[in-house]
Amino acid sequence: MKIEREVIQLKPIKTLKSAQGGTVYLPSGLGSFELNALQFSYLEVLKTGVSIEGLVQFFLGQGWLVSFRELYNLLQFLSHERLISNQNVIDYFKKVNSEDAPLVFSSLDVMTGNQVKPDPAALPFFRSLEPRLAQHLLQKSEVFTVPANIRITYSGQTSRDLFVLLKGQASIYKVISPTRRQLVATLGAGALFGERGFLLNHPRNADVITNGPSEVLRVHHLPEFDTLIKSDKAQALQHRFWVMQALLSSPVFKDIPTDSLDALIFTGRLVQAPANQVLFHEGQAGNTCYIVIQGSVVVSKQGQNINVLNQGTCFGEISLLVSGGVRTASVTTQRDTVLLEIEQNAFYKMLSQNLVLAKLIETVAAQRVARDQQAK
């Protein structure tokens with residue numbers, strides 16, 4: 001069970017409310033800790049026997065937004081002091097705060113040039129599929145060690161194989177002419193490519209070249225896949241690829257826990273916006289946030305451009321988390337852009353089920369507000 005859905009079981013503790021928040025007294029006279037007002041109010045609700053998700057929904061029902069950073073800090077404190085009986089919660093915070101946390105692919109049996117049977121649960125995107133479908137897609141897979149400067153796929157190629165970059169780095173180049181290429185994106189470990197051919201039988205639209213020594217999983221396309229994945233499902237799967245690609249290229253999201261990454265894939269809806277379309281104006285009420293999947297947007301305040309946001313960047317979250325529902329800037333697409341639009345209720349439900357992600361997004365929003373204020 002996800003820790004956010006477990007009923008928090010607190011050990012008997014004494015608390016004393018104050019004007020600033022309150023005091024928690026550790027058992028057996030081992031000392032006391034001061035909590036701020038938000039943390040103390042969250043603790044009082046947790047003492048009634050609710051889950052993290054239930055606590056968020058309780059406060060939303062009262063018309064109050066939860067500070068996920070304060071909630072995270074409270075639960076981390078309770079876990080560290082062993083005031084929580086939930087071993088899953090204690091283990092979770094140990095893992096999140098460990099500097100030696102295992103990599104996503106540490107359990108993958110990599111055999112150079114050999115067929116392998118990877119665990120779908122260890123692979124981005126595949127772990128988000130129905131297990132039987134994922135196993136079927138991966139039934140004939142090979143892992144190769146690839147030197148630097150090797151072209152894995154090329155523009156115009158009609159191969160239908162799919163690739164996962166297990167280790168290393170590679171670059172995607174758009175071919176402009178026989179002698180010119182334009183860098184489109186850089187891929188890191190966990191990135192997928194070749195999905196257009198694999199799912200929709202479209203020719204490759206770019207070259208993918210390794211930047212250094214890499215390990216690549218090659219998923220062979222089998223004839224029965226076309227009947228297994230109907231065209232409508234193939235389109236939906238491609239959209240999931242787009243979201244995964246953006247998240248794995250994002251400095252903010254690429255290192256979040258795997259369960260949080262999967263949650264973002266299924267949250268919201270993809271919307272396409274042409275160049276120069278105003279998504280929202282400064283001062284408007286806002287009940288949605290966005291993640292740039294493809295393309296870029298321009299952020300402006302009082303008619304002055306202050307930032308350009310590219311693939312993997314979240315925006316609009318400030319109105320949901322910090323500014324009380326008011327847009328603090330205007331945002332306009334710079335070119336044709338694909339966005340993941342997340343409605344407020346779905347946004348909070350997702351955050352209430354993914355505490356680390358919630359803390360991360362709220363922190364980024366607060367930092368962005370602070371930078372904007374300093375720039376005035």
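Search the range 295-309 for residues being within 17 Å of Gln272 (Cβ to Cβ) and either outside the structural domain of Gly268 (by TED's automatic domain parsing) or of a type outside the set (Val, Ile, Thr) (or both), and hand back the single one that is surrounded by the fewest Cβ atoms within 10 Å (Cβ to Cβ). The selected residue is Ser296.
Criterion applied to Phe280, Phe266 was being aromatic (Phe, Trp, Tyr), over 30 Å from Phe126 (Cβ atoms) and surrounded by fewer than 19 Cβ atoms within 10 Å (Cβ to Cβ), and the one residue passing it is Phe280. Note on the range 60-80: residues that are assigned to a helix (DSSP H, G or I) and over 23 Å from Lys14 (Cα atoms) total 4. Does Val271 meet the test of being touching a Phe, Trp or Tyr at 6+ places or on another chain (Cβ under 9 Å), of a type in the set (A, V, I, L, M) and surrounded by fewer than 18 Cβ atoms within 10 Å (Cβ to Cβ)? Spelling it out, Val271 is indeed touching a Phe, Trp or Tyr at 6+ places or on another chain (Cβ under 9 Å), of a type in the set (A, V, I, L, M) and surrounded by fewer than 18 Cβ atoms within 10 Å (Cβ to Cβ).
A single member of Leu16, Leu35 is modelled with pLDDT of 90 or more, loosely packed, with under 15 Cβ neighbours inside 10 Å and part of a strand (DSSP E or B), and it is Leu16. In the range 121-171, the qualifying residues are those that are of a type in the set (Lys, Arg) and more than 18 Å from Asn211 (Cα to Cα), and the one that is nearest to the chain's Cα centre (by Cα) is Arg127. When Arg180, Arg160, Arg196 are screened for being surrounded by 19 or more Cβ atoms within 10 Å (Cβ to Cβ) and out of contact with any strand residue (DSSP E or B) (no Cβ under 8 Å at 6 or more places or on another chain), only Arg160 passes. Residues in the range 271-305 that are among the small types (Gly, Ala, Ser) and in a loop (DSSP other than H, G, I, E, B): 6 in all.
Name every residue in the range 310-334 that is crowded, with 19+ Cβ neighbours inside 10 Å, over 22 Å from Tyr348 (Cβ atoms) and modelled with pLDDT of 90 or more, in order of residue number. Ser330, Thr333 - these are the residues of the range 310-334 that are crowded, with 19+ Cβ neighbours inside 10 Å, over 22 Å from Tyr348 (Cβ atoms) and modelled with pLDDT of 90 or more. Within the range 175-194, restricting attention to residues that are more than 18 Å from the chain's Cα centre (by Cα) and in a loop (DSSP other than H, G, I, E, B), the residue that is nearest to His221 (Cα to Cα) is Gly194.
The values are calculated or read from the model by the stated rules, or taken from the named source; none is laboratory data. Owing to the predicted nature of the structure, the values given are computational and were not obtained by experimental measurement. Heads up, the Cβs are rebuilt from the backbone with ideal geometry, glycines too, and the neighbour counts pull from every protein chain shown.
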